[in-house]
1. Test of understanding: what is the full-extension gain from Q122 to R43, defined as 0.36 nm times their sequence separation minus their Cα-Cα distance?
2. Over segment 30-145, how many percent of alpha carbon pairs lie in each 10 Å bin up to the one with the longest distance?
Amino acid sequence: MKNILISILILATPVSLPVIAHGTEPHATLDISQAWARKTGSRTASAAVYVDIKNLSETMERLLSAGSDRASMAMIHRSSERDGIMRMKMQDSVEIRPGATASFEPGGLHIMLTNLDEPLKQGQLFPLRLTFEHAGQVEIFVEVTGIAGLEKQ
Ligand SMILES: [Cu+2]
């Protein structure tokens, strides 16, 4: 009886190992959270998307581009104020150092959607594709908020 029990345990061991390995999620090199955009008025054709992107990997990551089915174009912009005037400058890419978080937020980095198909309505969730140098293409969902924006948790 004892011998049978031992051989069952030995047989069971190799089966359980791959299950443990699958639980480690080897592809999670980014933590993307707090993706939001303000609702837009009926005459507004563009919108800014804000998001936090944390690089969980040990190598430099770069956001290269963005795209959405809701807009004909999505560009990476950075706002800055000079001489009391707000300007927006297109960015070729955004570098995210290992362990660092790139915060896209009002007054700074944002993803500019132009030629929206329809106004963004509060409470909607819409998909946005982000393309990274290492992680490749990642699809996220953007929450449409009221005019006040998202209260950070
Ligand atoms: Cu912009």
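We did not get these values from a lab; they are worked out from the coordinates using the rules stated. If you're wondering where the values come from, they're calculated on a predicted model, not measured in any experiment.
1. Values: separation 79, 0.36 × 79 = 28.44 nm, distance 1.56 nm.
Length difference between fully extended and current span is 26.9 nm.
2. For segment 30-145, the pair-distance distribution reads 14, 47, 31, 8, 0.
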